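Only one structure is covered here, and it is reproduced in the block below.
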Amino acid sequence: MSISQQAFLRDAMRRLNLTRDVFATRIGVKRRALDTWLLPEGSQEFRAMPEVVERFVSEIVQNGTLLEKYTQSVQGGPLRDRIAVEGKHQLLSVDQFTRESVEELFRVADLMQPIARRQKVSRVLEGAVLGNLFFEASTRTRVSFGSAFCRLGGSVCDTTGFTFSSMAKGESIYDTSRVMSGYVDAMVVRHPDQGSVAEFARATNIPVVNGGDGPGEHPSQALLDLYTILTEFSRLGKLLDGAHIAMVGDLKYGRTVHSLIKLLALYKGIKFTLISPPGLEMPAYIVEKASRNGNVIEQQSSLAEGLAGADVIYATRVQKERFASEESEGYTPEFQISRATIDAHCGPDTIVMHPLPRDSRPGANDLSTDLNDDPRLAIFRQTDNGIPIRMAIFAVLLGVEGLVQHSMRDVTWKHPSHVGPDDSAFHGLD
């Protein structure tokens, strides 16, 4: 098998749209056996899947109906061409994706997992240089993109802050983009003004990735969020179709939720509960876009009523830097997600997410730190997933995704089995 058995099985379940329990029944094995086949290869409980099962699963996936459905994308050419913007291999918005193309990107991310988990290394981007142009403060996104590019063998040049750039001297976005294109092979751009990243992209033919444009979009964050939800649901035996997703907090200026709800709307029968203080509601045009595929949207101002029965809670930080102080007056303690709130209104399998950073200072009313050792809190699994997703983005945009599997070799250094001391057992690196 040319890919890992974990990636093979996750792909099969996604294509068939089956939970682990139903999938195990379909192929005639116990759920426990399937679970051991899906563990990382370094895990003590990992077991190799029998060859007869591999052949059987391949036959199921490749039956006539599914083969026709999933060869349509292949006939359309490489993924980089199908998500292109005006013929350019750039990632500016989640609107570039269909359900099929986003899940194809996730299959590439699955291939990246051994590298992201520090078991393998690859040099498919050796010699390539990434320009990280961040004209707005960032830690996670900037370092995550840089790490992803380096793990594929590339190198990174960083620039951070508007005042330290030539644009502070009056240089236009066009000139900056054109000049940088002569220095680097791809750019990630974050800018405080909505639409500015698209302006950077129009001035160049090299790959440009939107790292966040003001209150606009944050496509790579939404992709890693959706990938996290699907991964968590696979572990819990749930399907995304028909799920209940609650989005809480600043939904007006939070660009992560703007991108995520549009991606989630590619699935069917989802119930969205949008919970925000008065004045910070989700923009109407985004709500309208999300109302498709039989999805239901309800808007709430009460946390208690909105969280009941939620499969996923996506909390957001109030974007104080984007509006006048009076707009945050309604952001009271009633909107803080805490352990007591989750225990009172949600079940043991509810997934709690946050794009980070969260404001942990007293009175911030952001996601509470008392959930840190709760396995329902997925924020660190979420951030870790940013590496394979961003590796997949670079591999696809630069056209090397087909080379990754055969380029891998074992790492030579030793790493801890868990990155954090409180990581759950299902979140280890080995």
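Counting only heavy atoms of the protein chains and using a 1.4 Å probe, ARG55 has close to 130 Å² of accessible surface. Separation of region 381-430 and region 209-264, taken as the distance between their Cα centroids, equals 20 angstrom. The GNM of the chain, with springs linking C-alpha atoms under 10 angstrom apart, assigns the highest mean-square fluctuation among GLU171, GLU281, GLU100 to GLU171.
For the peptides 364-370, 389-395, the ranking by mean Cβ contacts within 10 Å, running from highest to lowest, is 389-395, 364-370. For the chain, the alpha-carbon radius of gyration amounts to 0.97 times the rule-of-thumb value 2.2 N^0.38 Å expected for a compact globular protein. Between ARG235 and SER147, full extension at 0.36 nm per residue minus the direct alpha carbon distance yields a gain of 29.0 nm. Here the simple spin-label model places points 7 Å from the Cα toward Cβ, and for ASP193 and ALA344 these points are separated by 4.5 nm.
Measuring nothing but how far apart in sequence close Cα pairs (under 8 Å, 6+ apart) lie, relative to its length, region 186-272 scores a relative contact order of 27 percent. Ranking ILE297, ILE173 from most to least accessible surface, computed with a 1.4 Å probe over the protein chains only, gives ILE297, ILE173.
Accessible area per residue (1.4 Å probe, heavy atoms of protein chains only) ranks TRP37, TRP413 as TRP413, TRP37, with the largest value leading.
Beta bridges from DSSP with both residues in the chain: antiparallel share about 10 percent, rounded to the nearest 5. With a Förster radius of 45 Å applied to the beta-carbon distance between ASP410 and ASP359, the computed FRET efficiency rounds to 0.65. Charge dipole of the chain (Cα centre as origin; +1 on each Lys and Arg Cβ, -1 on each Asp and Glu Cβ, all else neutral): 1020 debye, rounded to the nearest 20. If R0 is 30 Å, the Cβ-Cβ spacing of ASN372 and ARG32 corresponds to a FRET efficiency of close to 0.50. Kirkwood radius, region 215-275, all distinct C-alpha pairs, inverse of mean reciprocal distance: 11.9 Å.
Taking other residues whose beta carbon is less than 9 angstrom from the beta carbon of ILE3, and scoring Lys, Arg as +1 and Asp, Glu as -1, yields -1. Annotation: amide H of ALA186 within the under-5 Å range of VAL129, GLY131, sequence separation 5 or more or interchain, hydrogens built in the peptide plane. Look at the dipole of the chain built from charges on Cβ: of ASN63, PHE380, ALA392, the Cα furthest out on the positive end belongs to ASN63. Pair-distance distribution P(r) for region 329-383, from all Cα-Cα distances in 5 Å bins starting at 0: 4, 19, 31, 25, 15, 5, 0 percent. In the assembled protein chains, MET180 presents an accessible area of approximately 40 Å² (probe radius 1.4 Å). Projecting the Cα atoms of ALA265, PRO283, ALA310 onto the charge dipole of region 189-343 (Cβ charges, centred on the Cα centre) puts ALA265 farthest toward the positive pole.
In the structure shown, the pairs LYS30/LYS271; LYS238/LYS289; LYS238/LYS262; LYS238/LYS268 are assessed against 22 Å; a Cα-Cα span above that value is assigned to LYS30/LYS271; LYS238/LYS289. With contacts taken as Cα pairs under 8 Å and at least 6 residues apart, the chain reaches a relative contact order of 17 percent. Panel values: region 75-217, Kirkwood radius from alpha carbon pairs, Stokes-Einstein at 4 °C and 1.567 mPa s, translational diffusion coefficient 81 µm²/s.
Mean 1/r over all different Cα pairs, inverted: what Kirkwood radius does region 176-267 give, in Å? By the Kirkwood definition, the hydrodynamic radius is 14.8 Å.
The values are calculated or read from the model by the stated rules, or taken from the named source; none is laboratory data. All values reported here derive from a predicted model rather than from experimental measurement. All Cβ positions, even for glycine, are placed from backbone atoms using ideal geometry, and neighbour counts span all protein chains on display. For the accessible areas, the whole protein counts, side chains as well, though only heavy atoms, and no ligand, DNA or RNA atoms are used. Shrake-Rupley method; radii C 1.70, N 1.55, O 1.52, S 1.80 Å.
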